[in-house]
1. Quick one: of K79/K121; K78/K102; K66/K145, which pairs are farther than 30 Å apart, Cα to Cα?
2. Apply 1/(1 + (r/R0)^6) to the Cβ-Cβ distance of N59 and D126, taking R0 = 35 Å, and write down the FRET efficiency to the nearest 0.05.
3. Which of I141, N96, L123 sits farthest toward the positive end of the charge dipole of region 84-143, with +1 on the Cβ of Lys and Arg and -1 on the Cβ of Asp and Glu?
4. Extending each Cα 7 Å along its Cβ direction at K103 and N135, get the distance between those two points in nm, one decimal.
Amino acid sequence: MFRLKYFIFKNFLHFFIKLDLIKTKKKNCFLLYHSVINNKKDTNNLDNIHVDNFIEQCNYISKYQKKRISNLKNNFKKKHSITLTFDDGYKTIIDNVFPIIKKHKIPIVLFICPNLIGKKKYLSIDDLKILNKSNLVEIGIHGYKHIYYGKYN
């Protein structure tokens, strides 16, 4: 069951591009990510996408959908926009995502958990300052703590 869910998630953007759902431009679109990583072995879950796949997706969006790319604030004002969001505030945002979005001038929304700032694998205060100064990254709150409700009945 997990492998089926992962297969669907992993191929989500590619699937929708092939079906022309993004190309139809009829609705606003949010693309949700968590972590963009270099190790292909660790991409077998719902939180991680390989950096090569993210580059391919950004190349496509930048080339064919550039006018639709929007930050969060303008997504609600602008019709037919595409907004990229990242949950949790993983360190890979500054290491892997930031150089790519800078190259393509793609704004993103980063939803952080303040309780995780500075912890292993998560962004530091200095990282957040760099991202904030870039004017490409909007920062929001994903909840103070990241509670995994799957552990509870």
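1. Details: K79/K121 36 Å; K78/K102 22 Å; K66/K145 34 Å.
Result: K79/K121; K66/K145 exceed 30 Å.
2. On the way: r = 29 Å, r/R0 = 0.83.
With R0 = 35 Å, the Cβ-Cβ based efficiency is 0.75.
3. N96
4. 2.2
The numbers here are math on the coordinates, done by the rules we state, and not lab data. Just so you know, these numbers come straight off a predicted model, no measurement behind them. Glycine also receives a Cβ, built like all others from the backbone with ideal geometry; neighbour counts cover every protein chain displayed.
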